[in-house]
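Q: Before I ask anything, here is the structure I am working with.
The values are calculated or read from the model by the stated rules, or taken from the named source; none is laboratory data. Note that the structure is predicted; figures quoted are calculated from it, not measured. Glycine also receives a Cβ, built like all others from the backbone with ideal geometry; neighbour counts cover every protein chain displayed.
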Amino acid sequence: MRYAILSKGDAKSEALKHKMQTHMKDFKMIEDVENPEIVISVGGDGTLLQAFHQYSHMLAQCAFVGIHTGHLGFYADWLPHEVEKLIIEINNSEFQVIEYPLLEMIVRYNDKGYETRYLALNEATMKTENGTTLVVDLDIRGQHFERFRGDGLCISTPSGSTAYNKALGGALIHPSLEAIQIAEIASINNRVFRTVGSPLVLPKHHTCHVKPVNHDVILTTVDHVSVKHKNVNTIQYRVANEKIRFARFRPFPFWKRVHDSFISSGETL
Ligand code: NAD
């Protein structure tokens, strides 16, 4: 079994990474950061997001596992004291793989002969670079839907629906549903300007195009990464063909994770 470990970089995560490397040597596991079959993130959800982006070019080959060295994470759900058990599980069993949908974002420019494509595990957002009002035309399936004015838009995956999307009043979506969700970030709504005001859930193959109106620069984020784009013609969002694969060694249902993270960690659902 070829593995890679990505640590958050703090002392606790680094110590755990070294402990795991020693154990894994005993199991004759091979550290292969170029071509791993299993990618283990040690830190928090942010570390798993980093691991996802590091290996997003080879999602069909590798499965992810997250260990949290801070508080319980959505993606990082193994505890430091469980790592020996986890290593035995990795070696002993044909582990189950569960797949979660991803968001594809494609940026097209007015002045460039190429486009840039991104994959998000949580969400992509678009805003202006200086915090001024974003004005964009939103099309869904080739039909004009609305002209949006406000702070920005957040387009999330089902597994990302519990992150930024939740803070925006978006719905929590089970990751077995292949969908993306568009949530408004502080839209301007009055007698003159109107947006739908509700989060929209789009199924697979329903593509959304967002066209900036008179903006030279658009600030986008894809998970924890932010990028400025000049001369944007349109940004396209849809459910990606690729999926992220998580190695599952024990059940930890999505709704239990929602319960334990947001309601109470002491009780069972
Ligand atoms: P980070 O690692 O500090 O993450 C921020 C928080 O979001 C952490 O508590 C993390 O556990 C939680 N989180 C991440 N993914 C989650 C998920 N799928 N479900 C539930 N909670 C989740 O910061 P970062 O590394 O910059 O992470 C980027 C993420 O931060 C973004 O993808 C975005 O979802 C989130 N974010 C949230 C808000 C907000 O809630 N107002 C604002 C900006 C960004």
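Q: Look at ILE88 and say whether it is touching a Lys or Arg at 6+ places or on another chain (Cβ under 9 Å) and away from the ligand (no atom under 15 Å from the Cβ).
A: no
Q: So, one more: From the list VAL217, VAL258, exactly one residue is surrounded by 17 or more Cβ atoms within 10 Å (Cβ to Cβ) and either modelled with pLDDT of 95 or more or within 16 Å of the ligand (Cβ to nearest atom) (or both). Which is it?
A: VAL258
Q: Any idea which residue in the stretch 6-23 is nearest to CYS62 (Cα to Cα), counting only those that are small (Gly, Ala, Ser) and surrounded by fewer than 21 Cβ atoms within 10 Å (Cβ to Cβ)? Give the derivation first.
A: Step one: of the stretch 6-23, the residues small (Gly, Ala, Ser) are 7, 9, 11, 13, 15.
After this cut, where a residue has to be surrounded by fewer than 21 Cβ atoms within 10 Å (Cβ to Cβ) as well, the list is 9, 11, 15.
Numbers: GLY9: 22, ALA11: 27, ALA15: 24 Å.
Per the stated criteria, the residue is GLY9.
Conditions (1) basic (Lys, Arg); (2) over 17 Å from the mean Cα position of the chain (by Cα); (3) more than 8 Å from the ligand (Cβ to nearest atom), marked per residue:
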{"site": "GLY44", "(1), (2), (3)": "no, no, no"}
{"site": "THR47", "(1), (2), (3)": "no, no, no"}
{"site": "ALA63", "(1), (2), (3)": "no, no, yes"}
{"site": "GLY66", "(1), (2), (3)": "no, no, yes"}
{"site": "THR69", "(1), (2), (3)": "no, yes, yes"}
{"site": "TYR75", "(1), (2), (3)": "no, no, no"}
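Q: If I filter the stretch 84-103 down to residues being surrounded by fewer than 21 Cβ atoms within 10 Å (Cβ to Cβ) and not in a helix (DSSP H, G or I), which single residue comes out as nearest to the chain's Cα centre (by Cα)? It would help to see each step written out before you state the result.
A: Step one: of the stretch 84-103, the residues surrounded by fewer than 21 Cβ atoms within 10 Å (Cβ to Cβ) are 84-89, 91-100.
With not in a helix (DSSP H, G or I) added as a condition, the list becomes 93-100.
Details: SER93: 28, GLU94: 26, PHE95: 23, GLN96: 21, VAL97: 18, ILE98: 15, GLU99: 13, TYR100: 10 Å.
Among residues in the stretch 84-103 that are surrounded by fewer than 21 Cβ atoms within 10 Å (Cβ to Cβ) and not in a helix (DSSP H, G or I), the one nearest to the chain's Cα centre (by Cα) is TYR100.
Q: Given the options GLY160, GLY152, GLY169, name the one that is within 16 Å of the ligand (Cβ to nearest atom) and either among the aromatic types (Phe, Trp, Tyr) or assigned to a strand (DSSP E or B) (or both).
A: Step by step, each of GLY160, GLY152, GLY169 is checked, and only GLY152 is within 16 Å of the ligand (Cβ to nearest atom) and either among the aromatic types (Phe, Trp, Tyr) or assigned to a strand (DSSP E or B) (or both).
Q: If you go through the stretch 124-149 one residue at a time, how many are part of a strand (DSSP E or B) and in contact (Cβ under 8 Å) with a residue 40 or more places away in the chain?
A: Of the residues in that region, 17 qualify.
Q: For a quick check of your reading: which strands (runs of 3 or more DSSP E) sit entirely within the stretch 36-83 and have at least 1 residues that are surrounded by 20 or more Cβ atoms within 10 Å (Cβ to Cβ) and at pLDDT 95 or above? Let's see the steps before the verdict.
A: Numbers: elements: 38-43, 63-68, 76-78.
Answer list for the stretch 36-83: 38-43, 63-68.
Q: While we're looking at this one, here's another question. State all residues of the stretch 92-113 that are more than 23 Å from ASN241 (Cβ to Cβ) and in contact with a helix residue (DSSP H, G or I) (Cβ under 9 Å, 6 or more places away or on another chain); if no residue qualifies, say none.
A: Passing the criteria: only PHE95.
Q: Please give the strands (runs of 3 or more DSSP E) falling wholly within the stretch 188-269 in which 1 or more residues are among the acidic types (Asp, Glu).
A: Of the strands (runs of 3 or more DSSP E) lying wholly inside the stretch 188-269, those with at least 1 residues that are among the acidic types (Asp, Glu) span 232-248.
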